[in-house]
Amino acid sequence: MGHSGALSIEEKTTQHETNLDRHAYTPDFQNEAGVGRKTMLKPGSRLKSAVCDAEVMVIKAGANDEVTCGGAVMATDVSEKGAGDEAQMHGCLIGKRYINQEETIELLCVKSGDGSLYCNGEELMTKDTKKLPSSD
C-alpha cells in the first residue's frame, strides 16, 4: 500500500519550519546593546533605538536591511537602553526623512534622539526637501 497522503507530526513540523524560513522569518536575537528583536523592515514599521530616545517609521526599505542608531540595531520592542558608540552619536531630528546614497531606504524620524541613523553600516543623510512651485 502507498502513502495515504496524511503527514506525520514530524513531517508537519519540518514542513512548518521550512515555510517559516521561506517567508523571511526572523528569530529573536540580542543586538550590540544586548536588547531587542530582529525585525523584517516593512513600510509603516516603527523602530526604536536601543541607545537613545529616537524612533523612526520605515517609509521604504529592503527586506534584509539592518538599521542602527548610535551603533545598536533598532527594533520594534526595546525593553532597556544600552550605551551607544560615541562615533555614531550625532543625533537625528523629528520630522526629517533619512535616506542612503542609492535611496533604497527611507526613514521618517518620529522622535528625536542623540544617535545617528545607519543602514547596513552606511550613515543615512537627510533627504532634501522639494521646492514647491510658486502660486503667482
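The values are calculated or read from the model by the stated rules, or taken from the named source; none is laboratory data. Just so it is clear, the structure is predicted and the values come from calculations on it, not from any experiment. With ideal geometry, Cβ positions are generated from the backbone for all residues, glycine too; neighbour counts draw on all protein chains shown. To get the accessible areas, we keep the full protein, side chains included, count just its heavy atoms, and leave off ligands, DNA and RNA. Shrake-Rupley method; radii C 1.70, N 1.55, O 1.52, S 1.80 Å.
Quick notes on this one:
- Taking each residue of the stretch 86-103 that is of a type in the set (Lys, Arg) and looking for partners that are part of a loop (DSSP other than H, G, I, E, B) with beta-carbon atoms closer than 7 Å, six or more apart or interchain, yields ARG97/LYS127.
- Condition check for GLY36: open to solvent by 20 Å² or more (accessible area, probe 1.4 Å), part of a loop (DSSP other than H, G, I, E, B) and at pLDDT 90 or above: no
- Pick from the stretch 108-136, criterion in a loop (DSSP other than H, G, I, E, B) and within 16 Å of GLU55 (Cα to Cα), ranking: most open to solvent (accessible area, probe 1.4 Å): ASP114
- Counting only residues that are assigned to a loop (DSSP other than H, G, I, E, B), modelled with pLDDT under 90 and buried (at least 18 other Cβ atoms within 10 Å of the Cβ), the stretch 48-78 holds 2 of them.
- The set of residues from the stretch 79-107 being in contact with a Gly (Cβ under 8 Å, 6 or more places away or on another chain), closer than 17 Å to LYS60 by Cα and buried (at least 16 other Cβ atoms within 10 Å of the Cβ) comprises just one member, ILE105.
- Every listed requirement among (1) among the hydrophobic types (A, V, I, L, M, F, W, C); (2) open to solvent by 30 Å² or more (accessible area, probe 1.4 Å); (3) modelled with pLDDT under 90 is met by LEU41 save one, (2).
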